[in-house]
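Structure first, commentary second.
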Amino acid sequence: GTQVTASNASNVLGDNTVSYDPDTYTLTLNGAKLTECTSSSLLNKAVIYMDSSKLGVDAPTVTVKVQGENTITKMVPLN
């Protein structure tokens, strides 16, 4: 649920595990612990999501660089 902005790009989650380089369009994960996100603005659940409609027709291709051990946790609804 964290949006990458100019002010947080160098440390997206505040724990030095996710960064984004706008010059190379590279998202780097280095020991990140990510959790699937459910948002009313998203049609589906996602861990990493790029809304190209906000970026225009010439939206860049983003490279995801993975370093170290990273984990993705799936949210399981409680019944």
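The values are calculated or read from the model by the stated rules, or taken from the named source; none is laboratory data. This structure is a prediction, so every number in the text was calculated from the model and none was measured. Cβ placement follows ideal geometry from the backbone for every residue including glycine, while neighbour counts extend to all protein chains displayed.
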Inset, instruction - Could you list, in sequence order, all residues of the range 1-34 that are surrounded by 13 or more Cβ atoms within 10 Å (Cβ to Cβ) and either touching a Cys at 6+ places or on another chain (Cβ under 9 Å) or assigned to a strand (DSSP E or B) (or both)? - result: Val18, Ser19, Tyr20, Asp21, Thr26, Leu27, Thr28, Leu29, Asn30, Lys33, Leu34
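Specify the residue that is modelled with the lowest pLDDT; the eligible residues are those in the range 49-74 that are of a type in the set (S, T, N, Q) and in a loop (DSSP other than H, G, I, E, B).
That would be Thr61.
Out of Ala46, Ala32, which single residue is modelled with pLDDT of 85 or more and under 11 Å from the mean Cα position of the chain (by Cα)? Show your work before the answer.
Working: Ala46 fails: modelled with pLDDT of 85 or more.
Just a single option satisfies the conditions, and that option is Ala32.
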Legend entry - Pair list, Cβ under 8 Å, 6 or more apart: the range 13-38 residue within 13 Å of Gln3 (Cβ to Cβ), other residue at pLDDT 90 or above and basic (Lys, Arg): Leu27/Lys65
